[in-house]
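Presented below is the structure to which this report refers.
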Amino acid sequence: MNISPKHLRMFLALSESLNFSKTAEQLFMTQPSLSKAIQDLEAALGLPLFERTTRSVRLTPGGARMATLARSIVGEFDTGLRRMQSSAEREALQLAIACWPSLAHVVLPGVCAAIERRFRAPQVTIHDCANSACIQRLLHHQADFALASVAPSHPDLAYEELLRDRFVLLACGKWRQQVAARMRLDELLALPLITLTDASTAMRYMSAAYLQRGIEYRPKMQVDQVATVAGLVKKEVGVAVLPYLGVMPIFGMRGVQMSEIVDGPLRSVGIVTRRLGNPTSVALAAMEEVRATTQDLLVRHAGWIIPVASGQGGPKQGQVEFPDADHAHARRQTPSARARPTGW
């Protein structure tokens, strides 16, 4: 049967009014169109629904029984539509972001807070995982977008670069005396270097930088989490090599000195999206907030984080020590403090 809910609604409206003219007016249609629709419904059912005379219209006994069934069908259809709409509204408020942990720590709290203010009861999931895992989650539709450090070569993905991130050196205790304010890659080879594992972009960028010099990058230790790197540096096990954004979560560590690697690589940071399909409103808003947050980072951490348009950017002078989180935040925004050679 080629019967739609629209046919049933017209039938029910007419069964209540028993007047073609009034029903057509109520449904914002012409009387001939209504008559044709009812005739089509009767033909599809193989059953007369109304008895028509020049003076009156009334339901046939079969039409009365069909009206009861039609009322039930339309009611169930409307209930299903409401459930679908409610589910769609909840689905539209779902947001999943894939991002490596240290960047998630720096960027996403502010983004999530902004989304909470802009939308009613959003459901946010953050997949904080390695760069390659972020890309896979995006490809498998487990994330609306990803914050990644390497532009993917996959034809289904698009990359929008937001900034470039310098690599820095963290030293504590006895190692501070062997680390200058500005270090070169060749000088790092004599130090007990600690970095993240091969799955990280930090390791990939540094390995590529040394490979260009014909040198194999072989750090003393490799770990998965920045917090573990911080603990090892604090205990003077070695000297950490990390991107600047990667060390921001541990700015509050006392006695740790940060130095610039002047000829180190610049890590690209950007938004990765799928080329096909349209992002939801909440995903578009989240990406807008990511752009705003990274612009704020570029202002507050100028020199360490570099705008894409400015290419290499100007080097940051001096070493920085982090006596406490609040003091460090204030000093990082003071140009005169950035030029001091050892700390505060």
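Can you pull out every residue in region 1-39 that is among the aromatic types (Phe, Trp, Tyr) and either in a helix (DSSP H, G or I) or surrounded by 14 or more Cβ atoms within 10 Å (Cβ to Cβ) (or both)? Spell out how you get there, then give the answer.
Residues of region 1-39 that are among the aromatic types (Phe, Trp, Tyr), as a first pass: 11, 20, 28.
Those that are among the aromatic types (Phe, Trp, Tyr) and either in a helix (DSSP H, G or I) or surrounded by 14 or more Cβ atoms within 10 Å (Cβ to Cβ) (or both): Phe11, Phe20.
The set of residues from region 181-221 being buried (at least 18 other Cβ atoms within 10 Å of the Cβ) and within 26 Å of the chain's Cα centre (by Cα) comprises Leu196, Ser200, Thr201, Ala202, Arg204, Tyr205. Once region 296-309 is narrowed to residues that are small (Gly, Ala, Ser) and either within 27 Å of Gln136 (Cα to Cα) or open to solvent by less than 60 Å² (accessible area, probe 1.4 Å) (or both), the residue that is modelled with the highest pLDDT is Ala302. Only one entry of Leu232, Leu185, Leu242, Leu191 meets the criterion of being farther than 24 Å from Ile305 by Cα and touching a helix residue (DSSP H, G or I) at 6+ places or on another chain (Cβ under 8 Å), and that entry is Leu191. Among residues of region 268-291 that are over 16 Å from Ala98 (Cβ atoms), those with a beta-carbon under 7 Å from a residue that is part of a strand (DSSP E or B) and open to solvent by less than 10 Å² (accessible area, probe 1.4 Å) at least six positions away or on a different chain give the pairs Arg275/Leu157.
Looking only at region 62-73, decide whether some residue is among the polar types (S, T, N, Q) and over 30 Å from Leu284 (Cβ atoms). Looking for residues that are among the polar types (S, T, N, Q) and over 30 Å from Leu284 (Cβ atoms), one finds at least one in region 62-73, hence yes.
Do you know which of the residues in region 45-60 that are open to solvent by 40 Å² or more (accessible area, probe 1.4 Å) and assigned to a strand (DSSP E or B) is farthest from Gly80 (Cα to Cα)?
Filtering region 45-60 down to residues open to solvent by 40 Å² or more (accessible area, probe 1.4 Å) leaves 45-48, 51-56, 58-59.
With the extra rule that they be assigned to a strand (DSSP E or B), the set shrinks to 51-52, 58-59.
Details: Glu51: 33, Arg52: 34, Arg58: 31, Leu59: 28 Å.
Filtering region 45-60 for residues that are open to solvent by 40 Å² or more (accessible area, probe 1.4 Å) and assigned to a strand (DSSP E or B), the one farthest from Gly80 (Cα to Cα) comes out as Arg52.
In region 272-295, the residue that is least open to solvent (accessible area, probe 1.4 Å) out of those that are in a helix (DSSP H, G or I) and of a type in the set (D, E, K, R) is Glu289. For Glu42, the conditions (1) open to solvent by 60 Å² or more (accessible area, probe 1.4 Å); (2) among the acidic types (Asp, Glu); (3) closer than 13 Å to Phe11 by Cα are fulfilled apart from (1).
Only residues that are in contact (Cβ under 8 Å) with a residue 24 or more places away in the chain and either more than 30 Å from Leu18 (Cβ to Cβ) or β-branched (Val, Ile, Thr) (or both) were counted across region 64-90, and they come to 3. Of everything listed in (1) open to solvent by 50 Å² or more (accessible area, probe 1.4 Å); (2) modelled with pLDDT of 90 or more, the single unmet condition for Gln312 is (2). Whether any residue in region 63-71 is of a type in the set (A, V, I, L, M), touching a helix residue (DSSP H, G or I) at 6+ places or on another chain (Cβ under 7 Å), closer than 30 Å to Ala133 by Cα and in a helix (DSSP H, G or I) is what I want to check. Among the residues of region 63-71, not one is of a type in the set (A, V, I, L, M), touching a helix residue (DSSP H, G or I) at 6+ places or on another chain (Cβ under 7 Å), closer than 30 Å to Ala133 by Cα and in a helix (DSSP H, G or I), which makes the answer no.
Please count how many residues of region 222-271 are among the hydroxyl-bearing types (Ser, Thr, Tyr), open to solvent by less than 10 Å² (accessible area, probe 1.4 Å) and either modelled with pLDDT under 90 or in a helix (DSSP H, G or I) (or both). Spell out the reasoning first.
Residues of region 222-271 that are among the hydroxyl-bearing types (Ser, Thr, Tyr), as a first pass: 228, 244, 259, 268.
Now drop any that are not open to solvent by less than 10 Å² (accessible area, probe 1.4 Å), which leaves 244, 259.
The next check asks that each one be either modelled with pLDDT under 90 or in a helix (DSSP H, G or I) (or both); those that pass are 244.
Qualifying residue count for the region: 1.
The values are calculated or read from the model by the stated rules, or taken from the named source; none is laboratory data. Just so we're clear, the structure is a prediction, and the values are computed from it rather than from any experiment. Note that we place each Cβ from the backbone using ideal geometry, even for glycine, and neighbour counts take in every protein chain shown. Surface areas here come from the heavy atoms of the whole protein model, side chains and all, with no ligands, DNA or RNA. Shrake-Rupley method; radii C 1.70, N 1.55, O 1.52, S 1.80 Å.
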